[in-house]
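A.B. asks: Dropping the structure in here first, questions after.
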Amino acid sequence: MSKEAYAPLTEAVYYILLALEQPRHGYAIMQYITEISHERINMGPGTLYGALKNLLEKEWIALIDGEVGSRKKEYILTDIGKEVVVTEMIRLEELLTNGKKIMKR
Amino acid sequence: MMKKRKLFFNYQKEEKWINDMAKSGWHLIKYTFACYTFEKGLPGEYDYCIELLEDAPTTEKGREYLTFMEEAGIEYVTNSANWAYFRKKSTGEPFVIYTDYMSRKKHLQRIISLFSIILAMNLAFALYNMTIGLFSSFNFYFSILNWLVVIGLSSLIFVYLKNMQELKQDDA
């Protein structure tokens, strides 16, 4: 897959990937996204579930083998996932730099 | 405990009614065909959401989703076939299951395909019964019933298609 094929990510996917820089379960992902977006994004559980399933299929994230006793599923960013985020950050940076340069703000 | 008989065709209206009941302190705990069972509680304690599930609650995939919801602090209350009734303790934030364009669209598409299948079946029966109805009055009356379902479902599908179009406009 070429790097261009990753981007652009939807806001939801971008933030889910960021949230999974460390292991988190579903509810923690939602809370974290609400927090870092200063409550601008309140992701619904159905939306998150569909996105996680999709990201697992693409292998951008992976399930962590839970310890016995903790049944909550935790997810984590894979190496491909990390590359996707970084690629997207470079793209976003370009957008922002050009915007600032041209609009002089 | 209170039982109420009511029949809804539009799940959005049904959801609104259940939420109105919850605001007045009656919380849905059970649904069987056209019969709702409510339990007395604190007014506005819960927010309710209805969803047409992708997988039946009895399947493994379906159960996996319900577990996920549970872990997110959402209670699975009851179901009617693939329609699931969820509730969440009110936090002041609105309780919405699908929050972005793609997932909302997929949910509406699921509902539209379900109703389209029922509509197609009724249309086939309507035509069949009307033909046989030339000879038997029983089939003739039955075909009227089939036609009514066809008309009802068509208008409902139209409503959801319109919803889907409005979704597009929102995200444009």
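A.B. asks: I'm a student and want to see the number: the projected area of the Cα convex hull of the range B:47-172, averaged over all directions, in nm².
C.D. replies: Value for the range B:47-172: 9.9 nm².
A.B. asks: From the helices alone, meaning DSSP H stretches of at least four residues, give me the mean residue ellipticity at 222 nm for chain A, per-run term -39500 (n - 2.57), in deg cm²/dmol to the nearest 500.
C.D. replies: Working: 4 runs with 59 residues, N = 105.
Rounded to the nearest 500, the figure is -18500 deg cm²/dmol.
A.B. asks: In chain A, if the dipole is taken from +1 on Lys/Arg beta carbons and -1 on Asp/Glu beta carbons about the Cα centre, which of A:M30, A:L48, A:T97 is farthest to the positive end?
C.D. replies: Going by the charge dipole, the pick is A:T97.
A.B. asks: Express the relative contact order of chain A as a whole percentage, based on alpha carbon pairs under 8 Å and six or more residues apart in sequence. Intermediate values should be presented prior to the final figure.
C.D. replies: Working: 101 pairs, mean separation 33.5, N = 105.
RCO, chain A: 32 percent.
A.B. asks: Quick one: net charge around B:E64, please, counting Lys, Arg +1 and Asp, Glu -1 for every other residue with C-beta under 10 Å from its C-beta. Spell out each step's value before the answer.
C.D. replies: Details: positive: A:K53, A:K73, B:K61, B:R63; negative: B:D55, B:E60.
Here the charged neighbours net out to +2.
A.B. asks: Given Cα pairs under 8 Å that are at least 6 residues apart, what percent is the relative contact order of the range B:1-112? Before the final figure, lay out each step's value.
C.D. replies: On the way: 168 pairs, mean separation 25.9, N = 112.
That works out to 23 percent.
A.B. asks: Moving to a separate point now. Cut-off is 10 Å between beta-carbons; in what order do B:F140, B:F115 appear when sorted fewest neighbours first?
C.D. replies: B:F140, B:F115
A.B. asks: Roughly what angle does helix B:11-23 make with the longest principal axis of chain B, taking Cα atoms, 0 to 90 degrees, to the nearest 10?
C.D. replies: Approximately 40 degrees, to the nearest ten.
A.B. asks: With angles folded into 0 to 90 degrees, how steeply does helix B:137-171 sit against the dominant principal axis of chain B? Use alpha carbons for both and round to 10.
C.D. replies: 40
A.B. asks: At a Cα cut-off below 27 Å, give the lysines reachable from B:K23, other chains included and same-chain residues fewer than 8 away excluded.
C.D. replies: Answer for B:K23, where 27 Å is the Cα cut-off: B:K3, B:K4, B:K6, B:K13, B:K40, B:K88, B:K89, listed by chain and number.
A.B. asks: What nm value, rounded to one decimal, do you get for the distance between B:I151 and B:K4 when each label is placed 7 Å out toward the C-beta?
C.D. replies: 2.8
A.B. asks: Tell me the relative contact order for the range B:112-172 as a rounded percent, counting alpha carbon contacts under 8 Å between residues six or more apart.
C.D. replies: Dividing the mean separation by the residue count of the range B:112-172 yields 36 percent.
A.B. asks: Take the Cα coordinates of the protein assembly as shown, assign each an equal point scatterer, and use the Debye formula without solvent to give log10 I(q)/I(0) at q = 0.09, 0.10, 0.16 Å⁻¹.
C.D. replies: For the requested q values the scattering log ratios are -0.57, -0.68, -1.32.
Quick note: the coordinates plus some simple rules give every number you see, no bench work behind them. Given the structure is predicted, the values throughout are model-derived calculations rather than measurements. Positions of Cβ are generated from backbone atoms using ideal geometry, with glycine treated the same way; all protein chains shown enter the neighbour counts.
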